[in-house]
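Have a look at this one.
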Amino acid sequence: MIAPTFYLFIYCAIKREFPVFRKQLPHFIIPLFYAVTQFSFYTAPKSVKLNAYLGAYYDQLETASVPDTFNYNYHWIKDEFDWLILFSFSFYSILVFRLVWRERSRIKEIPHQANLNKYLFTRNSAILLCILLGIIFLVLYNYDDDGGDHYIGMVQTLIAFSTSYVIFMESRFFEKSWFADKYETLKSQTVDFDKIEGYIYSTKYFLSEKANLKELSEKLNSNPNSVSKAINTKEGINFNDYINKKRVEVTKERLLDSNFSHLTIEAIGNSVGFNSKSAFYNAFKKHVGTSPLVFVKGRKHQN
């Protein structure tokens with residue numbers, strides 16, 4: 001169940017939608033099939049289950065007596081179990097990286113900080129899935145019994161805790177997502193948009209390359225959800241577009257200011273907080289409708 005559910009987790013994060021169980025049912029055919037084949041083991045006498053445990057971890061100990069009439073017909077799939085696990089993880093690793101690659105291609109066309117965060121999160125999750133696949137392969141290769149399962153359990157636990165930590169600590173992950181309304185922030189203070197504007201302009205916060213929603217909400221003694229909602233309600237855009245819009249306004253002034261004539265266009269973009277050339281050019285074109293160079297030439301022509 002681990003590999004398909006991991007895939008659906010990445011799918012939901014990227015697509016921003018709940019999976020339709022009917023459509024996703026084929027992903028669970030193998031685990032359901034395996035569960036059915038083990039029915040006779042579920043209903044087996046306790047001595048059979050005790051022997052299974054001893055055989056997995058303490059094969060040197062004496063086993064319990066089992067009725068002669070007991071049928072071990074469920075054992076046939078046990079011989080193929082390791083291959084089923086490796087196939088499942090390999091197959092879903094490919095599907096996960098396919099999703100991540102498509103997301104990467106998409107954000108190249110529409111660069112956006114929130115999208116970039118989501119891409120990095122899903123990309124790192126895909127890498128974790130491959131690491132888990134590697135651990136499972138090494139365990140199955142080195143252990144004929146279940147003696148190495150605790151290593152797999154340790155890695156799974158670390159992945160679960162690290163993933164949960166990132167989700168709940170990085171509030172931008174929830175911004176405008178399909179489950180944003182269900183996200184409960186740790187603080188309850190609301191914030192007025194005028195207060196946000198006042199702080200932004202008085203401190204020139206938007207010029208900082210490290211400007212982010214979480215830090216701004218802390219400085220305003222509020223929470224990311226409230227700040228994001230206030231900006232979206234008033235401006236109709238999200239936090240990153242709001243910050244970039246203000247950066248672009250300053251950029252327009254500096255492009256025409258003789259005091260900044262010694263700087264290249266890219267350097268001016270860096271001076272207002274953009275940390276990459278592509279982010280700068282895309283934001284400028286989005287809010288001005290043209291490139292910085294065309295904007296400068298147009299203004300000079302008017303003059």
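The values are calculated or read from the model by the stated rules, or taken from the named source; none is laboratory data. Bear in mind the structure is a predicted one, so any value in this text is a computation, not a measurement. When we count neighbours, we look across all protein chains shown, and the Cβ atoms used for this are built from the backbone with ideal geometry, even at glycine. For accessibility, only protein heavy atoms count, side chains too; no ligands or nucleic acids. Shrake-Rupley method; radii C 1.70, N 1.55, O 1.52, S 1.80 Å.
Roughly how big is the chain's charge dipole about its Cα centre, with Cβ charges of +1 (Lys, Arg) and -1 (Asp, Glu), in debye to the nearest 20?
Here the size comes out at about 2100 debye.
Related question: From the phi of every residue in region 198-212, what ³J(HN,Hα) in whole Hz does the Karplus formula 6.51 cos²θ - 1.76 cosθ + 1.60 yield, where θ is phi - 60° and glycine or proline is x?
For region 198-212, the Karplus curve yields x, 5, 4, 6, 5, 9, 6, 4, 5, 7, 7, 5, 9, 4, 8 Hz.
Answer with one residue from N259, L213, P45: the one whose Cα lies farthest towards the positive end of the charge dipole of the chain, charges on Cβ with Lys, Arg +1 and Asp, Glu -1.
Checked the options; the winner is N259.
How far apart, in nm, are the 7 Å Cα→Cβ label points at S105 and N259?
4.7 nm
Full extension from C12 to Y53: what is 0.36 nm times the residue separation minus their Cα-Cα distance, to one decimal in nm?
Full-extension gain reported as 11.1 nm.
Longest span of the chain, sites excluded, free of trypsin sites (Lys or Arg not before Pro) in DSSP loop with at most 14 other C-beta atoms within 10 Å?
In the chain, the maximal stretch lacking such sites is 17-175.
What is the helix-to-structure angle for 75-109, meaning the angle in degrees between its Cα long axis and the longest Cα principal axis of the chain, kept from 0 to 90 and rounded to the nearest 10?
On a 0 to 90 degree scale, this one is about 10.
Right, next: In degrees, nearest 10, range 0 to 90: what is the angle between the Cα axis of helix 239-255 and the longest Cα principal axis of the chain?
30 degrees
With the full set of protein chains in place, find how many percent of the accessible area of the chain is carbon and sulfur; take the probe as 1.4 Å.
Solvent-exposed carbon and sulfur of the chain make up 58 percent of the total.
Using 7 Å Cα-to-Cβ label points, what is the Y151/K23 separation (nm, one decimal)?
Inter-label distance under the simple model: 3.9 nm.
Just name one of N225, I94, I159: the one whose Cα is farthest towards the positive end of the charge dipole of the chain (beta-carbon charges, Lys/Arg +1, Asp/Glu -1).
N225
Given the rule -39500 (n - 2.57) for each run of at least 4 DSSP H residues, summed and divided by the residues of the chain, what is its mean residue ellipticity at 222 nm, to the nearest 500 deg cm²/dmol?
Calculated from helices alone, the mean residue ellipticity at 222 nm is -22000 deg cm²/dmol.
Specify which residue in the list A283, G298, I14 is farthest towards the positive end of the charge dipole of the chain, using unit charges on the beta carbon of Lys, Arg (+1) and Asp, Glu (-1), about the Cα centre.
G298
A further question on this structure: Ignoring ligands, DNA and RNA, what accessible area per residue does the chain give at 1.4 Å, in Å²?
62 Å²
Okay, next question. Enumerate by residue number the GluC sites (Glu not before Pro) in region 1-94 meeting two conditions: DSSP loop (anything except H, G, I, E, B), and at most 16 other Cβ atoms within 10 Å of the site's Cβ.
Counting only loop positions with at most 16 other Cβ atoms within 10 Å, the GluC sites (Glu not before Pro) in region 1-94 are E17, E62.
What is the calculated FRET efficiency for V294 to K229, with r their C-beta to C-beta distance and R₀ = 30 Å, to the nearest 0.05?
Calculated transfer efficiency: 0.25.
List the GluC sites (Glu not before Pro) in region 202-233 that DSSP assigns to loop (not H, G, I, E or B) and whose Cβ has at most 13 other Cβ atoms within 10 Å. Which are they?
E209
Using Cα atoms only, what is the angle between the long axis of helix 292-302 and the major principal axis of the chain, expressed in degrees (0 to 90) to the nearest 10?
Helix 292-302 sits at roughly 20 degrees to that axis.
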